[in-house]
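Enquirer: First the structure, then my questions, so here it is.
Read the figures in this text as sums done on the coordinates, not as results from a lab. The structure presented is a predicted model; accordingly, all values stated were derived computationally and were not measured. Counting neighbours? That spans all protein chains shown, and the Cβs are built from the backbone with ideal geometry, glycine included.
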Amino acid sequence: MTQAIEVKVPDIGDYKDVPVIEVLVKIGDTVELEQSLVMLESDKATMDVPSPAAGIVRDLKVKVGDAVSEGALIVLLDAASAPASGASIGNGSGTALQEAQPLSCAPQSVEALVASPARSSSNSSGHVQAVPAAAVSLEGDSRGSHASPSARKYARELGVDVSRVTGTGPKGRITQDDITAFVKGVMTGALAAPAAAAAPAAGGGAGLNLLPWPKVDFTKFGPIDTQPLSRIKKISGANLHRNWVMIPHVTNNDEADITDLEALRVQLNKENEKAGVKFTLLAFAIKACVAALKKFPAFNASLDGDNLVFKQYYHIGFAADTPNGLVVPVIRDADKKGLFDIAREMAELSKLARDGKLKPDQMQGGCFSISSLGGIGGKHFTPIINAPEVAILGLSKSEMKPVWDGKQFVPRLILPLSLSWDHRVIDGAEAGRFNAYLVSILGDFRRVIL
Ligand code: CAO
């Protein structure tokens with residue numbers, strides 16, 4: 001017996017006429033409870049509308065590009081069970097269509113755009129518990145607050161007590177943006193965090209106890225032009241800030257002699273001129289990193305509370321600079337792919353990134369990231385770890401340098417490497433070994449097969 005359900009856009013705060021950027025199901029599809037049906041994208045967040053029940057998609061009422069607001073009909077569903085929202089449902093004959101709000105609209109802005117799957121983890125508490133003093137606990141009694149399940153889930157994962165958050169949604173409803181704003185307020189010192197407030201003035205080790213962010217009237221000093229941050233910058237900025245504050249970063253710098261590797265790369269590109277795909281240094285670096293991750297599995301792990309999750313897959317993210325900001329597309333199963341496929345996939349993902357067309361799943365599931373500034377310049381830098389990953393490799397511009405071969409100085413092409421690692425998971429000696437191994441592979445790429 002099935003029940004016919006009209007799935008409508010739920011409460012999405014103040015957003016109106018939000019574009020549908022993706023329709024994730026088609027007519028006849030069987031869907032699970034909470035499975036995402038469509039993705040909406042406001043100027044602030046990407047949100048998915050989950051199914052309120054398991055069932056079969058009978059009809060689709062929207063397409064990509066449509067603009068929808070709260071209450072707009074999205075999908076007709078033949079539900080196999082009553083919707084979890086508890087909304088009233090028809091008699092099961094399929095004749096009387098009734099409304100059911102999806103469980104919630106789940107904004108995915110934070111991790112979806114920067115490929116950090118922490119929030120999708122069912123055990124979110126680990127990431128909260130595992131943080132050092134800087135990430136003060138903000139949890140408390142939140143039962144009386146008016147917030148959707150997804151906003152509550154988000155709050156729980158960040159350790160935020162929703163009763164302390166001021167809701168700006170309809171009827172004072174607490175939105176995900178309110179929670180993000182609350183965390184930002186605490187981190188910048190504009191709001192007091194409970195642990196920080198409780199810490200002794202002389203520094204009890206809890207809370208950052210920072211001064212509020214300086215408020216300056218810049219017009220006093222000269223003409224200005226104020227522009228809003230791009231959506232990607234806002235989202236990635238919040239993630240980078242969290243990662244920088246919560247992870248004890250250390251960066252080991254090293255140098256690899258890539259003279260022979262560059263000769264091989266140039267030769268391969270000559271031989272494959274017609275293939276239309278360029279073998280980039282980054283493609284070689286991805287392969288080299290996979291070999292190093294296999295040798296040093298702690299670098300391919302994530303912290304989950306007191307546990308370390310060792311991944312047995314090798315999905316490598318690479319930072320891509322786009323007109324709207326930084327995104328991190330992920331090459332999945334890089335261990336199973338050849339250089340040609342990796343180079344081709346990187347070119348495709350980079351283009352999608354620059355065109356703003358990357359899908360959330362193309363930025364998720366990364367195990368380790370590479371940030372290459374080699375095409376731009378610079379010597380070394382400190383890449384910020386892309387949580388819940390535990391390490392990231394920065395590549396700078398290679399240059400010819402005189403290297404002593406025991407008898408004389410010879411010109412060699414030297415690539416600067418900057419490996420940032422999470423000191424809760426990795427020790428300095430291990431990081432040194434990881435870099436040394438990487439240097440040996442990049443110096444003699446035949447070693448990648450060992
Ligand atoms: N040293 C010297 N030259 C390098 C190099 C290096 N380490 N890496 C690349 N180059 C050269 C390439 O050989 C290429 O030269 P030719 O055009 O003469 O062949 C040129 O630089 C451009 O390379 P590319 O950009 O096409 O390819 P890529 O694989 O190096 O980079 C991508 C692709 C997506 C990583 C890049 O476009 C990008 O977005 N980089 C910026 C990443 C970033 O912003 N990181 C910082 C994150 S923290 O804010």
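Enquirer: Taking the Cα-to-Cβ direction at LYS215 and at LYS401 and moving 7 Å from each Cα, how far apart do the two end points lie in nm?
Expert: Spacing of the two 7 Å Cα→Cβ label points: 4.9 nm.
Enquirer: Extending each Cα 7 Å along its Cβ direction at ASP321 and GLU32, get the distance between those two points in nm, one decimal.
Expert: 4.0
Enquirer: Looking at the square roots a ≥ b ≥ c of the eigenvalues of the Cα gyration tensor of the range 351-402, which shape do they give, rounded for a/c under 1.5, prolate if a/b is larger than b/c, or oblate? Numbers along the way, then the final one.
Expert: On the way: a/c = 3.42, a/b = 1.57, b/c = 2.18.
Here the range 351-402 falls in the oblate category.
Enquirer: On to the next question. Taking the beta-carbon count within 10 Å as an exposure proxy, list THR226, THR168 from fewest neighbours to most.
Expert: Least to most surrounded, the residues fall as THR226, THR168.
Enquirer: Could you work out Rg/(2.2 N^0.38 Å) for the range 305-450, with Rg from alpha carbons only?
Expert: On the way: Rg = 16.7 Å, N = 146, 2.2 N^0.38 = 14.6 Å.
That ratio works out to 1.14.
Enquirer: I want the local charge near PRO50. Using Cβ-Cβ distances under 11 Å, sum +1 for each Lys or Arg and -1 for each Asp or Glu among the other residues. It would help to have the intermediate numbers written out before the result.
Expert: Values: positive: none; negative: GLU32, GLU34, ASP48.
Value of the local net charge: -3.
Enquirer: Let me ask you something else. Please state the shape class of the range 307-352: rounded when a/c is under 1.5, otherwise prolate if a/b exceeds b/c and oblate if not, all from the C-alpha gyration tensor. Working shown, then result.
Expert: Numbers: a/c = 4.32, a/b = 1.32, b/c = 3.26.
Verdict is oblate for the range 307-352.
Enquirer: Please give the FRET efficiency for ASP355 paired with PHE381, using the beta carbon to beta carbon distance and R0 = 35 Å, rounded to the nearest 0.05.
Expert: The computed FRET efficiency comes out at 0.85.
Enquirer: Related question: Counting only other residues whose beta carbon sits under 14 Å from that of ASP335, what net charge do I get with K and R as +1, D and E as -1?
Expert: Values: positive: LYS287, LYS294, LYS295, LYS311, ARG332, LYS336, LYS337; negative: ASP333, ASP341, GLU345.
Summing Lys and Arg as +1 and Asp and Glu as -1 gives +4.
Enquirer: Using a Förster distance of 30 angstrom, determine the FRET efficiency expected from the C-beta separation of ASN253 and LYS295, and round it to 0.05.
Expert: Values: r = 20 Å, r/R0 = 0.67.
It comes to 0.90.
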